[in-house]
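Structure first, then comments.
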2 protein chains.
Amino acid sequence: MELAEHSLAVVGAKFEIHAIGRVHSSLTDLESAPRQADEGAPEAWLVFEPEVNEALRNLRPGDDVIVITWLDRACRDALSVHPRGDVSRPQEGVFSTRSPHRPNPIGLHRVKIEDVDGLRVRVDHLEALDGTPILDLKPTLDEDVRKR
Amino acid sequence: MELAEHSLAVVGAKFEIHAIGRVHSSLTDLESAPRQADEGAPEAWLVFEPEVNEALRNLRPGDDVIVITWLDRACRDALSVHPRGDVSRPQEGVFSTRSPHRPNPIGLHRVKIEDVDGLRVRVDHLEALDGTPILDLKPTLDEDVRKR
């Protein structure tokens with residue numbers, strides 16, 4: 001599968017999103033990146049644009065947050081994938097998988113903040129590649145951690 | 001606070017996202033919408049574009065999923081807000097709140113699928129307004145439900 005960004009020949013209304021920062025990570029290689037954060041992802045820095053400084057001001061070490069990223073190396077025209085890239089498994093619709101390859105390649109990453117240094121926020125583990133654009137940061141809610 | 005969409009006079013790279021569907025809900029009024037799903041949000045239908053039909057094919061009633069929406073009535077130049085709109089509380093940076101008003105107004109909604117009918121998926125409770133664009137749907141992971 002080609003990994004350059006494709007435009008989806010589809011769809012309804014379009015909206016513009018902005019990178020508010022970037023991931024700085026030792027993960028630079030798509031092939032060696034873990035598929036999920038609990039599979040050996042390293043700690044990483046979130047480095048924000050100066051324009052969003054005010055939005056960061058209440059973040060503290062110990063906070064559990066959801067980092068929302070733009071998976072800019074994903075394939076946007078994938079609608080089915082082999083789960084976890086395992087071709088021995090039947091293809092599934094991408095909305096039942098966490099594959100990065102999907103119409104809007106938005107990544108969700110639950111992390112704990114370890115350090116805040118101005119525009120730089122260190123988090124405990126992140127499976128996103130170095131340079132991945134950051135779109136948003138939200139605190140977790142009890143709703144997010146409701147047990148199945 | 002004005003609720004029309006503003007463009008942020010800011011930021012790094014820009015990307016284009018597409019509505020892959022819309023929320024159909026009895027919630028039509030911003031003022032009466034609950035702030036979180038556990039505060040009385042009604043069930044809702046997610047109505048998808050025909051072009052993403054294949055991506056839906058493994059969704060089943062009982063699945064716990066995260067709906068990612070575009071909060072198209074939010075104010076994008078908000079960097080601080082009074083938590084829960086309560087002006088008696090001091091303003092906080094938006095990245096420490098779940099306010100819809102933020103540079104990229106992306107909504108995360110954890111829901112349970114109750115019914116799947118072709119391109120229409122009914123979910124148990126959703127605090128998004130009628131007509132809200134849908135960007136993505138992902139299964140929850142154990143990682144999402146890790147207890148604090």
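Give segment B:46-70 a look and list any residue that's under 16 Å from B:LYS112 (Cβ atoms) and among the acidic types (Asp, Glu), or say none.
Of everything in segment B:46-70, those that are under 16 Å from B:LYS112 (Cβ atoms) and among the acidic types (Asp, Glu) turn out to be B:ASP63, B:ASP64.
On the given criteria, is A:ARG110 under 28 Å from B:ILE134 (Cα atoms), of a type outside the set (Gly, Ala, Ser), part of a strand (DSSP E or B) and at the interface with another protein chain (Cβ under 10 Å from one of its Cβ atoms)? Can you show your working first?
On the way: under 28 Å from B:ILE134 (Cα atoms): yes; of a type outside the set (Gly, Ala, Ser): yes; part of a strand (DSSP E or B): yes; at the interface with another protein chain (Cβ under 10 Å from one of its Cβ atoms): yes.
Against the criterion (under 28 Å from B:ILE134 (Cα atoms), of a type outside the set (Gly, Ala, Ser), part of a strand (DSSP E or B) and at the interface with another protein chain (Cβ under 10 Å from one of its Cβ atoms)), A:ARG110 qualifies.
Each value in this text was obtained by applying a stated rule to the coordinates, not by laboratory testing. Keep in mind it's a predicted model, so treat the numbers as computed, not measured. Here Cβ is always computed from backbone atoms with ideal geometry, including for glycine, and neighbour counts include all displayed protein chains.
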